[in-house]
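Trainee: Dropping a structure here in C-alpha cells format, bear with me for questions.
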Amino acid sequence: MAAAGTPWDGMAYDPDLDLLYVGAGNGSPWNSAQRSPGGGDNLFLARSWPSSRQTGKYVWHFQETPRDSWDYTSTQPIILADIRSTG
C-alpha cells in the first residue's frame, strides 16, 4: 500500500520565486508498518514542498516527521520571511 498525505491549510505563495509552498498531512489511519511493510520512510507524508505556480512542477520537499504515526501533520501556517544573516 502506498500512502501520501493530503495537502490542506498550510500554504504560502512566494511571488519573487513564483512558488507555492504546501504542507501535507499524515498517513492515518494506517501506521507506518502497514503503510510501508518493506521499511520505506513514506517521504510524501507530513512534509512541506514548493511547486511552480505556472507549471505545477515539483521543486523539492522536506519531511518534518519521518514515518509519522502520531498525527504530526505539516499543515501548520507557513510563513515566508527574508532574514538577514550577520554571521
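The values are calculated or read from the model by the stated rules, or taken from the named source; none is laboratory data. Predicted model, so just to flag it, every value in this text is computed and none were measured. Positions of Cβ are backbone-derived with ideal geometry, glycine not excepted, and every protein chain shown enters the neighbour counts. Remember, those area values only see protein heavy atoms, side chains included, never the ligands or the DNA or RNA. Shrake-Rupley method; radii C 1.70, N 1.55, O 1.52, S 1.80 Å.
Trainee: Scan segment 53-76 residue by residue and report those that are under 16 Å from P7 (Cβ atoms), of a type in the set (G, A, S) and surrounded by 14 or more Cβ atoms within 10 Å (Cβ to Cβ).
Mentor: S74
Trainee: Would you check if there is a residue in segment 34-46 being under 17 Å from W8 (Cβ atoms), among the small types (G, A, S) and either open to solvent by 70 Å² or more (accessible area, probe 1.4 Å) or out of contact with any helix residue (DSSP H, G or I) (no Cβ under 6 Å at 6 or more places or on another chain) (or both)?
Mentor: yes
Trainee: Which residues, taken from segment 44-62, are part of a loop (DSSP other than H, G, I, E, B) and either under 13 Å from A24 (Cα atoms) or in contact with a His (Cβ under 7 Å, 6 or more places away or on another chain) (or both)?
Mentor: F44, L45, A46, H61
Trainee: Another one. Looking at (1) among the basic types (K, R); (2) under 11 Å from the mean Cα position of the chain (by Cα); (3) more than 16 Å from G5 (Cβ to Cβ), which is the only condition R47 fails?
Mentor: (3)
Trainee: Right, another one. Exactly one condition in (1) of a type outside the set (D, E); (2) buried (at least 17 other Cβ atoms within 10 Å of the Cβ); (3) modelled with pLDDT under 85 is false for L20; which is it?
Mentor: (3)
Trainee: Identify the residue in segment 1-14 that is at pLDDT 70 or above and open to solvent by 90 Å² or more (accessible area, probe 1.4 Å) and, among all such residues, is nearest to L80 (Cα to Cα).
Mentor: Selected residue: Y13.
Trainee: If you check Y72 against the conditions, is it out of contact with any Leu (no Cβ under 8 Å at 6 or more places or on another chain) and aromatic (F, W, Y)?
Mentor: yes
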